[in-house]
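In what follows, a structure is listed as structure tokens, so that the remarks can point back to it.
The values are calculated or read from the model by the stated rules, or taken from the named source; none is laboratory data. This is a predicted model, so every value here is computed, not measured. Neighbour counts are summed over all protein chains in view; Cβ atoms, including those assigned to glycine, are modelled from backbone coordinates with ideal geometry.
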Amino acid sequence: MKQILHIFAKDTRHLWLEILICVGLVAALLLTSHRHWIAGGTHFASDVTVSFSPLGALGLAPELLAFLIPLSWWILIAPLIHEERLVGDRQFWVTRPYEWNKLLAAKMKFIVLFVYVPLFAAQCLLLARAGFDPFSSIPGLLYNLLMLTGVLILPVVTLAAITRNFARMTLVVLGAVIPMVCIRWLASAFPGTHIPTPFGDSLALAIFACGCIAVVLLQYAGRRTRAAWLVLVVALCLVTTLACTAPDQALMSGRYPAEPSPGIELTYTNDPSVGPAASVASGPRDVVINVPVHVSGVAPGSMMISQAVKVTLEEEKGSQWSSVWEPTYMDKYIPGERTARVTFAMPRSVYEKLKPAPLHVHIVLALARAQQGESTTISLLLTEFKIPGFGTCTPWTDFFKPYEIDGIGCRAPLRKPPLTFVSVSWSYDDCRTPRPDPHNVQGEAWAGSLDRPPAEFGIVPVWSEEIDFTNRTPDYRFTNPRHICPGTPATFTRYHDAGRTRASVDIRGFALPELTQGQLKVADEP
Amino acid sequence: MNAAIHTEKLIRRFGRTTAVDSVDLDVPQGAVYALVGANGAGKTTLIKLLMNIHRPTSGRAEVLGIGSHLLAGKAFTQIGYVSENQEMPEWMTVGALLDYYRPFYPQWDRGLEQELVRQFGLPLDRKLKHLSRGQRMKASFASSLAYRPPLIVLDEPFSGLDPLVRDELIEGLLERATETTIFLSSHDLAEIESFSSHVGFLEQGRLLFSEELTELTDRFRDVTVTLGGPSPLPARVPSAWLQAQASDSVVRFVHSGYRQHETERELAQAFPAARDVSFDPMPLRAIFLAIAKSSRNAAPAAAPAPEPRRIEA
């Protein structure tokens, strides 16, 4: 313990300026972030002052600080590790009575005290300033710190442990951009890597974190730099393999089980006005097919959200093509009947091969089921209001029309709130003489999410978003926009995750649609 | 085990280069052992193997009875290591450096520290990065001697220093020589000859000999044989004769296994017509040069002495 404190004290003495910068930036975040929410009262005014006044510039500060704070950690942690650098054979400390576990403990203590503690304290204070109880958010805050460790701190410690100095480390970071771009390119080139991959992502992060920990331990325990680099490269290769193989594809069947009555019915609609369409996707080698599907059978009080689609095309003579699970646009299917479009992409070669013959199409949608929960209706005021289970909202007002609500900004602690449907009645006239819209047009919006981790990854522990209502303008020219007047009722209806399922539709005698001439031209380009 | 340092078949390779080649070494406790060799002979690598800075490719080494691969942490409270190219925490002042190191060593002697600071004339309030090379070495010496380590390992400690600083450091070192074992590497033979008790010679990674300095100087002689007339060298020159040359009526060579009576008999047989034979003692520098030159001229595997002799404790 004595040695840990001794090394810690030495590092603190030497790196006081870097510590000051790190803690100062966190303090600046604390001072500026809450202004973001408080200043939200006058929408237009804040937009203007951002450009011209120091107070307005503070509005930009949280975003800038969210970038600068991790950067300051980098300039703090790298010299900290390089104080007793682990690469090379000329370091003063390797022939002194340093015990590696105590050296590592001293470095960890330093990071905890000057990175984690200020951030944690600032996040607690920010939550309190945002009107949330920090104590009830402690598990989420710890989860966020864990994520920050895995994604930011651990990689910086690892890179510092296998490099000689700050310049080398910077070069390695710049050099790492190339493999990262390659991984991204490789992953995007493989089919089936575009669906959400919670398992693959978790596994990749776990492998990466374990690799980093192994590197740090190897270096501190024995300064085995070559072995450490090898471990890191192997870990990155595994992450790349995971990114390219998309292991979540294999888990989709289990994650979205087939049920006898999934609570939704899909049928192919033969309406020629909404018939299938084909278009060229982003790459000239892909063709995107839109298939209109009639959706019904969603039970009252529930909702289905399409999350992925898988399509099988089969010719009568036997040749067959199956897509992998591809993401959808998260379409929400609410009770009632409607026509939706199921979109999937197929290679141009397959399209050309299968186009002449009538096909048997089997479409499977992976669906998340949401169950309607409690609903809160409030009379909108010009002041801040709280919605239980959702968060705190602040109405925005126009600088020149402070008597009408221009929009609503909401915030929640640590993460998005549960998926919530928000509806208001638009007012047609000026709010000084309020008159309900003759057509009773509703402004609708969705906020929040069904899939919520314990905390969103980030520096600022408050989720904030402006609720963007539909039907704001009666025409596309944005003339005579509708208004929300104080006193207008607003309803917040929460939806909760009620499991996952899948639904399918079979189409016989389906003919792949023709590409238009223009699209063919694009598609024919090399 | 009374050897402060012991190695067996110690090998270290870097790629295709063998920096240390099957070195068997014993340094007795209390010795002042000088490891000599030309630049690139493998002295620094051998020391780094002993200090567990590098790991051996094969073989083993023990330092103060501990396997060198286990040398870490508290074991270094017993070892003082100074190297010419060792990095130091440049931002610290000399005083801060001593303050920082002090708690690491339970046996740190404050009195000795102050004595060394005074003896070396160290400026306590000056940062290491602002010190001259000589002052840095002095600071390094002071921080390595103040805890009275039983073993002091010095890698080219006097290289590039002016004679005054060199003498100050040697003086400081020798004052501790009675209580410690000193193992140092150098290619400056004149400086080590004055205070070393043992010497080892490393050439291309191989330890060509390792013995007490007195034994070494006793067994090397510069031999001049004056003959009655021109005479060639014997058909088979004994391996102990180094740099043998014959010119007119004089044959000269360095005898690396001189023993008075045996050598006289040997020469009487080799040169029956010899008029005069002289055996001149050689300074270490001349011995070193003779060995180095003959080693380079000979086949790579050849060694000048029949067997590297172990040092008797």
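Take the residues of segment B:84-98 that are among the charged types (D, E, K, R) and surrounded by fewer than 17 Cβ atoms within 10 Å (Cβ to Cβ): which is nearest to the other protein chains (Cβ to nearest Cβ)?
B:GLU87
Among A:LEU186, A:LEU159, A:LEU174, which is modelled with pLDDT of 90 or more and either outside any helix (DSSP H, G or I) or hydrophobic (A, V, I, L, M, F, W, C) (or both)?
Exactly one of A:LEU186, A:LEU159, A:LEU174 is modelled with pLDDT of 90 or more and either outside any helix (DSSP H, G or I) or hydrophobic (A, V, I, L, M, F, W, C) (or both), namely A:LEU159.
Can you spot a residue in segment B:149-158 that is crowded, with 19+ Cβ neighbours inside 10 Å and among the acidic types (Asp, Glu)?
yes
Can you tell me which residue within segment B:24-44, out of those that are closer than 28 Å to A:ARG226 by Cα and surrounded by 24 or more Cβ atoms within 10 Å (Cβ to Cβ), is farthest from the other protein chains (Cβ to nearest Cβ)?
Residue satisfying both the conditions and the ranking: B:ALA41.
When the residues of segment A:189-205 are narrowed to those that are over 19 Å from A:LEU159 (Cβ atoms), within 20 Å of the chain's Cα centre (by Cα) and surrounded by fewer than 18 Cβ atoms within 10 Å (Cβ to Cβ), which ends up modelled with the highest pLDDT?
A:LEU203
Any residue in segment A:106-119 that is farther than 29 Å from A:LEU29 by Cβ and more than 9 Å from every other protein chain (Cβ to nearest Cβ)?
Quick first cut of segment A:106-119, residues farther than 29 Å from A:LEU29 by Cβ only: none.
Within segment A:106-119, none of the residues are farther than 29 Å from A:LEU29 by Cβ and more than 9 Å from every other protein chain (Cβ to nearest Cβ).
Pick out the one residue from A:SER323, A:SER279 that is modelled with pLDDT under 85, surrounded by 15 or more Cβ atoms within 10 Å (Cβ to Cβ) and not charged (D, E, K, R).
Numbers: A:SER323 fails: modelled with pLDDT under 85.
On inspection, the qualifying residue turns out to be A:SER279.
Given the options A:VAL424, A:VAL361, name the one that is in a strand (DSSP E or B), among the hydrophobic types (A, V, I, L, M, F, W, C), at pLDDT 85 or above and not assigned by TED's automatic domain parsing to the domain that holds A:TRP463. First the steps, then the outcome.
Working: A:VAL424 fails: not assigned by TED's automatic domain parsing to the domain that holds A:TRP463.
One residue alone meets the criteria, A:VAL361.
Strands (runs of 3 or more DSSP E) wholly in segment B:1-50 with at least 1 residues that are farther than 22 Å from B:ILE291 by Cα - which ones? I'd like the intermediate steps shown before the answer.
On the way: elements: B:3-14, B:17-28, B:32-36.
Where strands (runs of 3 or more DSSP E) fall fully within segment B:1-50 and carry at least 1 residues being farther than 22 Å from B:ILE291 by Cα, they are B:3-14, B:17-28.
Out of the residues in segment A:154-171 meeting the condition of being hydrophobic (A, V, I, L, M, F, W, C) and farther than 25 Å from A:VAL112 by Cβ, tell me which one is farthest from the chain's Cα centre (by Cα). I'd like the intermediate steps shown before the answer.
Filtering segment A:154-171 down to residues hydrophobic (A, V, I, L, M, F, W, C) leaves A:154, A:156-157, A:159-162, A:166-167, A:169, A:171.
Checking which are farther than 25 Å from A:VAL112 by Cβ leaves us with A:167, A:171.
Working: A:ALA167: 32, A:LEU171: 29 Å.
Only one residue fits best here, namely A:ALA167.
Of the residues in segment B:49-69, how many are surrounded by fewer than 24 Cβ atoms within 10 Å (Cβ to Cβ) and within 11 Å of another protein chain (Cβ to nearest Cβ)?
Number of matching residues: 6.
Quick one: in segment A:69-96, which of the residues that are over 24 Å from A:ALA27 (Cα atoms) and free of Cβ contacts under 8 Å to residues at least 24 places away in the same chain is farthest from the other protein chains (Cβ to nearest Cβ)?
Going through the qualifying residues, I end up with A:TRP93.
Can you find a residue in segment B:69-76 that is of a type outside the set (S, T, N, Q) and in contact (Cβ under 8 Å) with a residue 40 or more places away in the chain? Give the derivation first.
Taking segment B:69-76 and keeping what is of a type outside the set (S, T, N, Q), we get B:69-76.
Checking which are in contact (Cβ under 8 Å) with a residue 40 or more places away in the chain leaves us with none.
Looking for residues that are of a type outside the set (S, T, N, Q) and in contact (Cβ under 8 Å) with a residue 40 or more places away in the chain, one finds none in segment B:69-76, hence no.
Out of all the residues in segment A:372-379, is one or more assigned to a loop (DSSP other than H, G, I, E, B) and in contact with a strand residue (DSSP E or B) (Cβ under 8 Å, 6 or more places away or on another chain)?
No, there is no match, as no residue in segment A:372-379 is assigned to a loop (DSSP other than H, G, I, E, B) and in contact with a strand residue (DSSP E or B) (Cβ under 8 Å, 6 or more places away or on another chain).
Are any residues in segment A:207-250 out of contact with any helix residue (DSSP H, G or I) (no Cβ under 6 Å at 6 or more places or on another chain) and over 24 Å from A:ILE178 (Cβ atoms), and if so, which ones?
A:ILE213, A:LEU217, A:GLY222, A:ARG223, A:GLN249, A:ALA250
Scanning segment B:104-113 for residues that are surrounded by fewer than 14 Cβ atoms within 10 Å (Cβ to Cβ) and part of a helix (DSSP H, G or I), which turns out nearest to the other protein chains (Cβ to nearest Cβ)?
Only one residue fits best here, namely B:ARG110.
Could you please find all residues in segment A:88-127 being assigned to a helix (DSSP H, G or I) and touching a Phe, Trp or Tyr at 6+ places or on another chain (Cβ under 6 Å)?
A:THR95, A:TRP100, A:LEU104, A:ALA106, A:LYS109, A:PHE110, A:VAL115
Quick one: which of B:TYR81, B:TYR101 is within 8 Å of another protein chain (Cβ to nearest Cβ), part of a strand (DSSP E or B) and among the aromatic types (Phe, Trp, Tyr)?
The match here is B:TYR81.
Which condition number in (1) assigned to a helix (DSSP H, G or I); (2) over 22 Å from B:ILE79 (Cβ atoms) is the one that B:LEU124 fails?
B:LEU124 satisfies every listed condition except (1).
Within segment A:244-252, identify whether any single residue is assigned to a helix (DSSP H, G or I) and among the β-branched types (Val, Ile, Thr), and answer yes or no.
yes
Quick one: B:ARG118 ticks every box in (1) surrounded by fewer than 18 Cβ atoms within 10 Å (Cβ to Cβ); (2) touching a Pro at 6+ places or on another chain (Cβ under 7 Å); (3) more than 30 Å from B:HIS6 (Cβ to Cβ) except a single one, so which number is it?
(2)
Of the numbered conditions (1) farther than 26 Å from B:THR45 by Cα; (2) at pLDDT 90 or above, B:LEU145 fails exactly one; give the number of that condition.
(1)
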